[in-house]
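Since the structure comes first, as structure tokens, the remarks are kept for the end.
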Amino acid sequence: MDRLVITGGIPLRGTVRISGAKNAALPAIAAALLTDEPVELANVPDVVDVASMLRLVQRLGTSATHIGGAPGRIRLLTPELLSIEAPYDLVRRMRASVLVLGPLLARVGRARVSLPGGCAIGPRPIDLHLKGLERMGAQIDLVDGYVEARAPDGLHGAEIEFPQPSVGATENLLMAATLARGTTRIVNAAREPEIVDLVRLLCAMGARIEGAGTSILEIEGVSRLGGAHHTILPDRIEAGTYAIAAAITGGRLTIEQAPLELLGAARDKLCEAGVELVERENGFEVGRANGILEGVDVMTRPYPGFATDLQAQFMALMCVARGAAMITETIFENRFMHVPELMRMGAKITVHGGSALVRGVERLKGAPVMATDLRASVSLVLAALAAEGRTEINRIYHLDRGYEALERKLAAVGARIERVP
Ligand code: UD1
């Protein structure tokens, strides 16, 4: 298993180019199952989760070909579905595999998708996906750990209200509703930019959807969808991660291919903490405003609130800020696995339920640590970049799931980082 070895303490300087958003590419690949015409995607990040999603749709009958020229161009074509099953070994490794459920049901009225089960950051059920599909007329049985869904007469429009917004359930139901008879209304829908990106793709394929980016989505079903070209939006979590890399090391980076407004609530919190963010053409520049970072409280919320996917990285930053910061996680249980690892590096953190009180220290110190999930892992990379001495991060396959060329991008702006097999 690969390890990352980082020698910290070097202020990062230079330019980082942001890749396409993993969390937008995954539903976009699933959406290609809705049509027998080609769907061409550009700016698809080269990360393991995308490769897993491509492997899954290939099993279902999609041919996926990389197109030369622009980076990350993929052509997906599914003349017919050869299988309707998302097997356990794929869903277990990547929960987003459940996103094929809606498209399969919509296109052929049948799907068999493994239940994802728990994961390191909590139980993460898919009940909202299933209840929504049932309201649209699907019959759903749970058999031997699989969701068996049927809609022999096709899906129909319905009014679906979520008790809390779910990104995945919103995406699954959106895709299912595009080919359902009649109108579907999703109330309390997720509003993440990745949902808006999926709506853009579906509309380019001929879907009729209103309300993208608001909490009410209205989808008027159509009888068929066609091919489309679509460019995946930039990865706001990756952009936020590199912004924090600049701030935590006391360096200055130019972030390319990601507009500043994409950072959303993280932008305000970074500013409050003493990070300067200046808009540039095609991106932004980031560094400390006056050399000192201040402790700032953060609570994760569904978009437009502070993203749970940036919580661990922000916590790493707060470890070296002046004063204290209370970081509260409200989206996932058990999303503090980075805490004991950061403490091994000298961070002062106390966890009470869903809140972590971080008391800033002058300096972190390198130590051997272990990566647990994607965002926790990258928070350890950030801490290591700022720490005195050498940090060895084990189990880094989590990073490869979601960060394109992480060590190459960091090395190019001055980090001493090495992957050791
Ligand atoms: C997506 C993102 C993930 C991000 C998360 C929250 C992708 C591929 N992944 O995950 O990176 O951290 O949004 O922004 O886009 N829930 C239920 N029942 C359901 C579905 C969800 O109770 O049927 C709960 C979850 O356990 C969680 C909350 O709702 O507590 C939000 O989860 P959700 O928005 O669905 O996250 P994902 O789509 O899995």
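The values are calculated or read from the model by the stated rules, or taken from the named source; none is laboratory data. As the structure is a computational prediction, the values presented were derived from the model and not from experiment. Neighbour counts run over all protein chains shown; Cβ positions are idealised from the backbone, glycine included.
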Discussion item. With the requirement that a residue be more than 26 Å from the chain's Cα centre (by Cα) and either assigned to a strand (DSSP E or B) or within 19 Å of Ala415 (Cβ to Cβ) (or both), what does segment 353-390 give you?
Written reply: Arg359, Arg363, Leu364, Lys365, Gly366, Ala367, Pro368, Ala387, Glu388, Gly389, Arg390
Worksheet item: Under the condition of being over 24 Å from Ala177 (Cα atoms) and in contact with a strand residue (DSSP E or B) (Cβ under 9 Å, 6 or more places away or on another chain), which residue from segment 88-102 is modelled with the lowest pLDDT?
Response: Arg92
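Taking into account only those residues within segment 157-171 that are farther than 22 Å from Thr308 by Cβ and small (Gly, Ala, Ser), which is nearest to the ligand (Cβ to nearest atom)?
The selected residue is Ala158.
Which is closer than 14 Å to Ala28 by Cβ and away from the ligand (no atom under 14 Å from the Cβ), of Leu179, Leu225, Leu217, Leu174?
Only one candidate passes the filter, namely Leu225.
To keep it simple, each residue is scored yes or no on (1) in contact with a Ser or Thr (Cβ under 7 Å, 6 or more places away or on another chain); (2) outside any loop (DSSP other than H, G, I, E, B); (3) basic (Lys, Arg).
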residue	(1), (2), (3)
Gly287	no, yes, no
Val296	no, no, no
Met299	yes, yes, no
Tyr303	no, no, no
Ile331	yes, no, no
Phe336	no, no, no
Gly346	no, no, no
Practice prompt. Go through the residues of segment 310-331 one by one and say whether even a single one is under 25 Å from Val44 (Cα atoms), in contact (Cβ under 8 Å) with a residue 60 or more places away in the chain and surrounded by fewer than 24 Cβ atoms within 10 Å (Cβ to Cβ).
Written response: no
Item to complete: Among the residues of segment 183-212, count how many are away from the ligand (no atom under 14 Å from the Cβ), surrounded by 15 or more Cβ atoms within 10 Å (Cβ to Cβ) and without any contact (Cβ under 8 Å) to a residue 40 or more places away in the chain.
Response: 11
Fill in: Complete set of residues in segment 325-358 that are within 16 Å of the ligand (Cβ to nearest atom), of a type outside the set (Val, Ile, Thr) and in contact with a Phe, Trp or Tyr (Cβ under 8 Å, 6 or more places away or on another chain)
Glu329
Worksheet entry | Failed criterion for Ala30 (all others in (1) without any contact (Cβ under 8 Å) to a residue 12 or more places away in the chain; (2) within 16 Å of the ligand (Cβ to nearest atom); (3) among the small types (Gly, Ala, Ser) hold) | (1)
